[in-house]
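Presented below is the structure to which this report refers.
Please treat every number below as a calculation from the coordinates, not as lab data. Computed from a predicted model, the values in this text were never measured in an experiment. Neighbour counts are summed over all protein chains in view; Cβ atoms, including those assigned to glycine, are modelled from backbone coordinates with ideal geometry.
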Amino acid sequence: MKVEIVEKSENPLFQRVEIKFKVDHAGGPTPKRLDVRAQVAAQLGVPQELVVIERLAGAHGRQEASGIARAYNSKERLAALEPKYLLARGLPKEAKAEAKPEEPKVEKPKKSEEKPEKVEEKKTRETKG
């Protein structure tokens with residue numbers, strides 16, 4: 001797997017670097033987000049925790065994928081600006097399970113065994129006369 005940064009732009013307002021990249025994955029499937037994030041972070045010289053992969057899409061019939069990533073200056077800026085679902089996508093499966101609290105299951109009340117009888121009312125037509 002080879003990651004090539006195509007475009008890199010500084011965004012001082014959000015205190016981040018926005019990156020467009022291509023991944024050449026000849027002979028294998030589209031790489032996992034965690035692997036790509038590690039490669040992008042290594043090329044930028046920042047910790048992996050500060051990099052978010054927004055998009056990673058493979059081209060049909062080609063051994064190449066393209067994507068968009070953002071690297072932040074601090075964890076506070078990352079947490080304030082990125083949606084939670086993107087942060088969860090970047091975590092390994094074990095960390096996702098820990099980060100997601102279990103919700104108590106609510107049992108639905110059971111319907112009574114006896115069903116009330118339906119009374120059908122016949123509608124009569126009024127005729128014009």
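Charge dipole (Cα centre; +1 on Lys/Arg Cβ, -1 on Asp/Glu Cβ; no other charges) of region 2-91 amounts to roughly 180 debye.
With θ taken as phi - 60° and the Karplus curve 6.51 cos²θ - 1.76 cosθ + 1.60 applied, the whole-hertz 3J(HN,Hα) list for region 38-44 is 5, 5, 5, 4, 5, 5, 7 Hz, x standing for glycine and proline. In the P(r) worked out for region 2-91, what percent of Cα pairs fall beyond 24 Å? More than 24 Å apart: 16 percent of the Cα pairs in region 2-91. I need the calculated FRET efficiency for the pair ASN11 and ALA42, taking r as the beta carbon distance and R₀ as 30 Å, to the nearest 0.05. FRET efficiency, ASN11 to ALA42: 0.90. In sequence order, region 59-69 has phi-based couplings of 7, 5, x, 10, 8, 9, 10, 10, x, 10, 9 Hz under the Karplus curve 6.51 cos²θ - 1.76 cosθ + 1.60, θ = phi - 60°, and Gly or Pro positions carry x. Each label point was placed 7 Å from the Cα along the Cα-to-Cβ direction; for ALA57 and LEU34 their separation is 2.6 nm. Quickly work out the LYS84-to-GLU49 label distance, labels modelled 7 Å from Cα along the C-beta direction, and quote it in nm with one decimal. Distance between the two pseudo-spin positions: 2.0 nm.
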